[in-house]
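Here the structure is laid out as structure tokens; the discussion comes afterwards.
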Amino acid sequence: QVQLVESGGGLVQTGGSLRLSCAASGIIFSINEMGWYRQAPGKQRELVATITSSGITKYADSVKGRFTISRDSAENTVFLQMNSLEPEDTAVYYCNVKSRGRSGFPVPDYWGRGTRVTVSS
């Protein structure tokens, strides 16, 4: 059974920094991509940043230049360094893993339970 466990959320003032971590445990045959999504109150879940198995990254325009995604492939762990945080970054942040099964076909995404980030003005 695959589990994604996030950590690192909390309360921070505008301009501050936080570092989120997500560790994937269990049997995952082949990870294609790991990433972070967020959902603010009353809004839909949105992509924040992703990183592929080959290290290609993608960011939402709203976080470019402020957030950095990285991963430790050996440990199936993904990180999100968040700098210059703004109140608009307040949300629950979810870890996501996209992978393939032994057949080579994609399997349903894995999601963590989320970690809350609150940025005070």
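Computed from the coordinates by the stated procedures, all read-outs in this text should not be read as laboratory data. Owing to the predicted nature of the structure, the values given are computational and were not obtained by experimental measurement. As a convention, Cβ positions derive from the backbone with ideal geometry for all residues, glycine included, and neighbour counts pool all protein chains shown.
Taking 30 Å as R0, compute the FRET efficiency from the Cβ-Cβ separation of Asn32 and Leu11 and round it to 0.05.
Working from the Cβ atoms, E equals 0.35.
If contacts are Cα pairs under 8 angstrom and at least 6 residues apart, what is the relative contact order of the chain in percent?
36
Once you have a ≥ b ≥ c as the square roots of the Cα gyration tensor eigenvalues for the stretch 51-121, tell me rounded if a/c is under 1.5, and otherwise prolate or oblate according to whether a/b is larger than b/c. Write down the numbers at each step before the final one.
Values: a/c = 2.51, a/b = 1.85, b/c = 1.35.
Prolate.
Can you work out ³J(HN,Hα) from phi for every residue in the stretch 98-108, in order, using Karplus 6.51 cos²θ - 1.76 cosθ + 1.60 and θ = phi - 60°, giving whole Hz and x for Gly and Pro?
Coupling constants for the stretch 98-108: 10, 8, 10, x, 4, 6, x, 8, x, 10, x Hz.
Give me Rg over Rh for the chain, both radii from the alpha carbons and Rh done the Kirkwood way, two decimal places.
Here the Rg-to-Rh quotient is 0.98.
If you take every residue apart from Ser121 with its C-beta less than 13 Å away from the C-beta of Ser121, what net charge results, scoring Lys and Arg +1 and Asp and Glu -1?
On the way: positive: none; negative: Glu86, Glu88, Asp89.
Spelling it out: positives minus negatives among the neighbours equals -3.
If you average the C-alpha positions of the stretch 7-21 and of the stretch 44-117 separately, how far apart do those two centres end up, in angstrom?
The stretch 7-21 and the stretch 44-117 have Cα centres spaced 15 Å from each other.
What are the ³J(HN,Hα) values, in whole Hz, obtained from phi via the Karplus relation 6.51 cos²θ - 1.76 cosθ + 1.60 with θ = phi - 60°, for each residue of the stretch 4-11 in sequence order, with x given for Gly and Pro?
10, 10, 8, 8, x, x, x, 9
Please report the net charge: other residues with Cβ closer than 15 Å to the Cβ of Thr52, K and R +1, D and E -1.
Around Thr52, the charge tally is +1.
What length, rounded to one decimal in nm, is gained on full extension from Ser120 through to Leu47, with 0.36 nm per residue of separation minus their alpha-carbon distance? Present the calculation step by step, with values, prior to reporting the outcome.
Values: separation 73, 0.36 × 73 = 26.28 nm, distance 2.18 nm.
Extra length from Ser120 to Leu47 when fully extended: 24.1 nm.
Can you tell me which aspartates and glutamates have their Cα less than 14 Å from the Cα of Lys43? Leave out same-chain residues fewer than eight positions away.
List returned: Glu88, Asp89.
Using θ = phi - 60° and the Karplus form 6.51 cos²θ - 1.76 cosθ + 1.60, what ³J(HN,Hα) does each residue of the stretch 29-43 get, whole Hz, x for Gly and Pro?
With the stated coefficients, the stretch 29-43 comes to 5, 8, 7, 8, 7, 10, x, 10, 10, 9, 9, 8, x, x, 10 Hz.
Enumerate the lysines that Lys98 could reach by cross-link, defined here as Cα to Cα under 17 Å, with residues fewer than 8 away along the same chain left out.
Cα-Cα hits under 17 Å: Lys58.
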